[in-house]
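Everything on this sheet refers to the single structure shown next.
The values are calculated or read from the model by the stated rules, or taken from the named source; none is laboratory data. This structure is a prediction, so every number in the text was calculated from the model and none was measured. Backbone-built Cβ (ideal geometry, glycine too); neighbour counts: all protein chains shown. Side chains are part of the model used for accessible areas, which takes the heavy atoms of the whole protein and leaves out ligands, DNA and RNA. Shrake-Rupley method; radii C 1.70, N 1.55, O 1.52, S 1.80 Å.
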Amino acid sequence: RHGDVGAGVRHDQAAAQAKRQEIQGRLARARDEELEIKSKITRYNELSGRGILGEEMRLDWVEQIRAIKTARKLYDIQYEIAPQEAIGAAILPGASGNFEFLSSTMQMKMKLLHEEDLLNFLADLRATAQAYLRVRRSDGKRLPKAAGESRGIPPQLSADCTIDCITIRYRKSA
C-alpha cells in the first residue's frame, strides 16, 4: 500500500510540473504578444506623427516646396503631382488588412548651382512632407554656359526627378 501512495504522489508531482510548464509557456507567449503589440503601436505612432497615415496633404507639399526653395535660395523648381493611385500588393508584399497604400507621383524639374542643392532639397522635403517620399528616378545634367549673364552665378545643372509621395489610410468599407 505504501508503494501506491508513492506512485500517486509522483503522478501528482508530474501533473503539477506539466501544468506549471503549460502556464509558463502561455505566459511567455503573452509577453511576446505584448512586445509585438507595443512595437506595432510605436510604429503606428511614428507613422502617424510624420503624417504618413491619413489623407494626403497636397497643399502642404506645395507650401513645403515653396518654403524650401526660398530658404535654400534655389533657382527654379517646376513640378506636377499626378492623381493618387493605389499601390498594388506586388509592390508592397504583405500590405493588406485594414489599410490601403496610396501614391501620388511627382514629376519635378529643377535648375541647380550644384548637386548638393538637390540632395539638401530632398532631405528637407523628406523631413517636412506628410508622406513617405520614395525617389524613383533622378537624372542630372550640366547646363550649357550662359553667355553674357551678369547677375550672380547662373545655374550649372538641371535635375529631372520622379518621386512617389506615399500615404497610408484606413481601407474604406465596401
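Set Lys and Arg Cβ to +1 and Asp and Glu Cβ to -1, take the dipole of the chain about its Cα centre, and tell me which of Gly6, Ser103, Gly54 lies farthest positive.
Farthest along the dipole direction, towards plus: Gly6.
Could you look at the chain and say what percent of its accessible area is carbon and sulfur, using a 1.4 Å probe and all protein chains?
With neighbouring chains kept in place, the figure for the chain is 54 percent.
Test of the criteria: in region 28-78, which GluC sites (Glu not before Pro) are in a DSSP loop and have at most 12 other Cβ atoms within 10 angstrom of their Cβ?
Taking region 28-78 and a limit of 12 other Cβ atoms within 10 Å, the loop GluC sites (Glu not before Pro) found are Glu55.
Taking all protein chains together and a probe of 1.4 Å, list Asp60, Asp124 from the most accessible to the least accessible.
Accessible-area ranking of Asp60, Asp124, largest first: Asp60, Asp124.
Evaluate the distance, in nm, between pseudo-label points positioned 7 Å from the Cα of Lys172 and of Ser48 along their respective Cα→Cβ axes.
Rounded to a tenth, the inter-label distance reads 2.2 nm.
In nanometres, what is the gap between the two model label sites at Arg58 and Lys40, each 7 Å from Cα along Cα-to-Cβ?
3.3 nm
Once the Cβ-Cβ distance between Ala123 and Gln24 is put in as r, and R0 is 45 Å, what FRET efficiency do you end up with, to the nearest 0.05?
According to the calculation, E is roughly 0.40.
What does the helix-only formula give at 222 nm for the chain: each DSSP H stretch with n ≥ 4 adding -39500 (n - 2.57), the total divided by the residues, and the result rounded to the nearest 500 deg cm²/dmol?
The helix contribution divided over the chain gives -15500 deg cm²/dmol.
Would you mind working out the accessible area per residue for the chain, using a 1.4 Å probe, and quoting it in Å²?
71 Å²
For the chain, what ratio Rg/Rh do Cα atoms give with a Kirkwood hydrodynamic radius?
1.39
Modelled label-to-label distance, Gln107 and Glu80, 7 Å Cα→beta-carbon offset: nm?
0.4 nm
Near Lys141, which lysines are there with a Cα under 30 Å away, not counting those fewer than 8 places off in the same chain?
Lys69, Lys73, Lys109, Lys111
Give the separation of the Cα centroids, region 9-26 to region 43-89, in Å.
58 Å
Working out 0.36 nm times the residue gap between Arg134 and Ala15, then minus their Cα-Cα distance, what length gain in nm do you get to one decimal?
That pair, Arg134 and Ala15, stretches by 37.1 nm at full extension.
Looking at region 21-80, which trypsin sites (Lys or Arg not before Pro) are DSSP coil and have at most 16 other C-beta atoms within 10 Å of their C-beta?
Answer by residue number: Arg50, Lys73.
Ordering Thr105, Thr42, Thr128 from largest to smallest accessible area (1.4 angstrom probe), what's the sequence?
Thr42, Thr128, Thr105
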